[in-house]
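*Asks:* Here it is, the structure in full.
The values are calculated or read from the model by the stated rules, or taken from the named source; none is laboratory data. Predicted model, so just to flag it, every value in this text is computed and none were measured. No Cβ is skipped: glycine too gets one built from the backbone with ideal geometry, and neighbour counts run over all protein chains shown.
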Amino acid sequence: MRNIFVDGYNVINSWPELRDIKDYSFEAARQKLIDYLQNYAAFKGYKIILVFDAHMVSGSLQKKEKISEHLSVVYTKEGETADTYIEKTIDSIGRKTEVCVVTSDSLEQQLVFQRGAIRISSLEFYFDVKETENRISVKTQKKYSEKRHLLEDRIQKDVLEKLEKIRRSR
């Protein structure tokens, strides 16, 4: 299973609709990102660790929240950036599993690459998530259109004929 680490605030500041949302509410932008990633991870079968840094929040403690089987959210502790958390975690995982890091921070990209992880820019990831969202939409539309249940499919033929006569007589 592919493990993807996402620098949350980096992504929020890079994705157009999340940037607009964060202008009035960081919490709403974080929740929207979580929603996107939850669908993406479940569809692709990836494990995503979304990291928000709280290094500027006085007295904050590290907090991990498992959203689903495929998505976990980490809020770092005071004085720890998302980059630092991701680097430490990648070091502990080693090169045993496939790891990918989503960030547009070029220095961070170089560091994770040196540790054996694949790096993806926030915008590249945006287009991958959007493409996956479209594929999910097409798949669900197809599924529901195949199972269309019309009223005329559920009514007895003689009742349907009587209703049709009443409709035409008006």
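*Asks:* Is it the case that segment 95-109 has a residue that's modelled with pLDDT under 90, more than 16 Å from G8 (Cα to Cα) and small (G, A, S)?
*Replies:* no
*Asks:* Tell me whether segment 71-88 contains one or more residues that are in contact with a Lys or Arg (Cβ under 8 Å, 6 or more places away or on another chain) and modelled with pLDDT under 85.
*Replies:* yes
*Asks:* Of all the residues that make up segment 113-141, how many are among the β-branched types (V, I, T), within 25 Å of P16 (Cα to Cα) and either at pLDDT below 90 or exposed (fewer than 14 other Cβ atoms within 10 Å of the Cβ) (or both)?
*Replies:* Matching residues across segment 113-141 total 4.
*Asks:* At least 2 residues that are over 19 Å from T103 (Cβ atoms) in each: list the helices (runs of 4 or more DSSP H) lying fully within segment 2-84 that qualify.
*Replies:* The qualifying helices (runs of 4 or more DSSP H) are 16-22, 26-44.
*Asks:* Quick one: H149 ticks every box in (1) at pLDDT 80 or above; (2) of a type outside the set (F, W, Y); (3) not in a helix (DSSP H, G or I) except a single one, so which number is it?
*Replies:* Condition not satisfied by H149: (1).
*Asks:* Let me ask something additional. Out of everything in segment 11-35 that is among the aromatic types (F, W, Y) and surrounded by fewer than 20 Cβ atoms within 10 Å (Cβ to Cβ), what residue ends up being farthest from the chain's Cα centre (by Cα)?
*Replies:* Checking each candidate, the answer is Y24.
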